[in-house]
Amino acid sequence: MKVLSLHLGLGKGLPKPRVEALELVAGFGAKGDRHAGKDPDRAVLVAGLSAYEKAQGAGIPLPYGALGENFLLDLDPHELPPGARLRVGEALLELSQVCTVCKSLSQFDLRLPKLLYGGRGVYARVLEGGVVRVGDPVLVLAPAR
């Protein structure tokens, strides 16, 4: 499993611009992202390639970053339990809560919010900061007890 794409929300709107690396700060989020520091339980958004494949299958082509994700992985974070930890590059993430689908996705296609309901991505806490790069391996760890 690996990081397919990384995105940093510098301003409002979707898609979030693609970057080659993110610098994560524990308890804060992605350095430079406009959402960082607001809620440590929702520090970063992790999406899976399956969400983009589902949209593509419905005839809705989306550029990566369109879901507002910071991380696009080749695994579906919705298949992991809350509290699952991901070692990504130098950083350690802990999945916290499912991201709701917002109306901003309608700019790409009016069917998109309903299509991706419950499957847009999962928010995560940053437990250990560090640099993450496109192509870095992802290791799924058991939830902390």
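Please count how many residues of the range 123-138 are over 15 Å from HIS7 (Cα atoms) and either under 15 Å from the mean Cα position of the chain (by Cα) or in a strand (DSSP E or B) (or both).
Residues meeting the conditions: 7.
Picking from GLY68, GLY9, GLY29, GLY89, which residue would you name as being surrounded by 15 or more Cβ atoms within 10 Å (Cβ to Cβ) and under 11 Å from the mean Cα position of the chain (by Cα)?
Going through GLY68, GLY9, GLY29, GLY89 in turn, the sole match is GLY68.
Restricting attention to the range 92-109, which residues are surrounded by fewer than 15 Cβ atoms within 10 Å (Cβ to Cβ) and over 17 Å from GLY48 (Cβ atoms)?
The answer is CYS102, LYS103, SER106, GLN107.
Return yes when LEU95 is in contact with a helix residue (DSSP H, G or I) (Cβ under 7 Å, 6 or more places away or on another chain), assigned to a strand (DSSP E or B) and more than 17 Å from GLY9 (Cβ to Cβ) and no when it is not.
Here the answer is yes, as LEU95 does meet what is asked.
Looking at the structure I just gave you, is LEU115 within 14 Å of the chain's Cα centre (by Cα) and of a type outside the set (Gly, Ala, Ser)?
No: the conditions fail for LEU115.
Kindly list, by first and then second residue, each pair from a residue in the range 110-131 that is surrounded by 15 or more Cβ atoms within 10 Å (Cβ to Cβ) to a residue that is of a type in the set (Ser, Thr, Tyr), limited to pairs with Cβ atoms under 7 Å and residues at least 6 apart or on different chains.
Close Cβ pairs (under 7 Å, with a partner that is of a type in the set (Ser, Thr, Tyr)) amount to LEU112/SER106; PRO113/SER106; TYR123/SER96; ALA124/SER96; ARG125/SER96.
Return the residues of the range 105-121 that are within 21 Å of PHE71 (Cβ to Cβ) and touching a Gly at 6+ places or on another chain (Cβ under 9 Å); say none if nothing qualifies.
Once the filter is applied, which keeps residues that are within 21 Å of PHE71 (Cβ to Cβ) and touching a Gly at 6+ places or on another chain (Cβ under 9 Å), the range 105-121 yields LEU105, GLY119, ARG120, GLY121.
Quick check: anything in the range 28-41 in contact (Cβ under 8 Å) with a residue 60 or more places away in the chain, touching a helix residue (DSSP H, G or I) at 6+ places or on another chain (Cβ under 9 Å) and under 18 Å from VAL140 (Cα atoms)?
Checking the range 28-41: not a single residue is in contact (Cβ under 8 Å) with a residue 60 or more places away in the chain, touching a helix residue (DSSP H, G or I) at 6+ places or on another chain (Cβ under 9 Å) and under 18 Å from VAL140 (Cα atoms).
A short reminder: the numbers here are calculations on the coordinates, not readings from a lab. Bear in mind that the values here come from a model prediction, so they are computed numbers and not experimental data. In this analysis, Cβ positions are derived from the backbone assuming ideal geometry, glycine residues included, and neighbour counts consider all displayed protein chains.
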